[in-house]
Amino acid sequence: MGGPPAAATPQQSLPAHDMGRLLLSCPDRAGIVSAVSTFLTRAGANIVSLDQHSTQPVGGTLLQRTLFYLPGLAAARDALAAEFGATVAAEFAIDYRLTEAAHRKRVAIMASKTDHCLLDLLWRNQRGELDMSVVLVISNHPDLADRVRPFGIPFVHIPASAANRAEAEQRQLELLTGNVDLVVLARYMQILTPDFLRRLGCPLINVHHSFLPAFIGANPYQQAQQRGVKLIGATAHYVTEDLDEGPIIEQDVVRVSHTHTLPDLVRVGADVERAVLSRAVQWHCEDRIVAHGNQTIVF
């Protein structure tokens, strides 16, 4: 099974109040870990956990996630981030972000007609398993409105197709830009243009099936059954202008056999898709992901 190290699991039960997360990436050299730790200690913080990875023993890139406790963090965060940038970050050429665990990310979900990923995210969020605030659901079809309504989340129907893509994206951007920290594509079956991605101003996470071998186009599960696939999987990744080629966050597979009918394959595929997508969204919302080129390091 994929995922961050098992040691990360107990951290999820820590109280969010006054907990900070510092994520960084920089050219690796001696003294960085010491400088970061010293800075936080002098600021009055207690380091709860520190995870790091260097891509090479010499001349690599250091990626690090530090979880710390600092009383009064909400009031001190901006000044703390600015001071870190002017001192430690400037000395070591660090790209960083400092967040508060108590500040839940505002998330919008986009879907089409398929409901399994959308409803799974809403259900997990309602149960407190995903620490985020879902601000709205956008769909290019009205079909899922009644299923979203019991969750008390606004459902916005914006018809979208190749024929009206520019108009639809403009309306979507009016709702999203500046109002959300993350957009999740929960089987949203429309291509988003590079212009949309540039103007949105926040990350997007997508999920799709991963057959071995891969099948594209219509009826992928039927194609898979006809070829007698033995593995069905799913991939969750960040969205970039290169279709389905953004940095991979999480993947998983399930073994199948000749005994699986077409409905069986569809059910198994839906199960693995929602599990993979929910983990990717959880890790993003918990600030566990540091990008490195077209890869991700998940702490």
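The values are calculated or read from the model by the stated rules, or taken from the named source; none is laboratory data. Predicted model, so just to flag it, every value in this text is computed and none were measured. Accessible surface is based on the protein model in full, side chains and every heavy atom, while ligands, DNA and RNA are left aside. Shrake-Rupley method; radii C 1.70, N 1.55, O 1.52, S 1.80 Å.
The value obtained for segment 102-149, namely the Cα convex hull volume divided by the number of residues, is 65 Å³ per residue.
Here the chain has an Rg and Dmax of 20.8, 63 Å, counting Cα atoms alone.
If you count the DSSP beta bridges with both ends in segment 105-298, what percent of them are antiparallel, to the nearest 5?
If I count the DSSP bridges inside segment 105-298, around 50 percent turn out antiparallel.
Dividing the summed -39500 (n - 2.57) terms of all DSSP H runs of n ≥ 4 by the residue count of the chain sets its mean residue ellipticity at 222 nm at -9000 deg cm²/dmol. Taking all protein chains in place and a 1.4 Å probe, what share, in percent, of the accessible surface of the chain do carbon and sulfur account for? Summing carbon and sulfur atoms, their accessible area is 53 percent of the total for the chain. Subtracting the Cα-Cα distance of L243 and E167 from their residue separation scaled by 0.36 nm leaves 25.3 nm.
When Rg and the Kirkwood radius Rh are both evaluated on Cα atoms of segment 205-299, their ratio Rg/Rh stands at 1.02.
The spread of Cα positions in segment 16-100, taken along each principal axis and listed from longest to shortest, comes to 38, 23, 18 Å. Entry comment: accessible area of the chain is 48 Å² per residue, from protein heavy atoms only and a probe of 1.4 Å. Return the whole-Å distance between the Cα centroid of segment 20-46 and the Cα centroid of segment 89-130. Rounded to whole Å, the Cα centres lie 24 Å apart. The accessible-area ordering, largest first, of the residues I216, I94 stands as I216, I94, per a 1.4 angstrom probe.
Relative to 2.2 N^0.38 Å, what does the C-alpha radius of gyration of segment 109-246 come to as a ratio? Two decimals please.
Values: Rg = 15.7 Å, N = 138, 2.2 N^0.38 = 14.3 Å.
Compactness ratio reported: 1.09.
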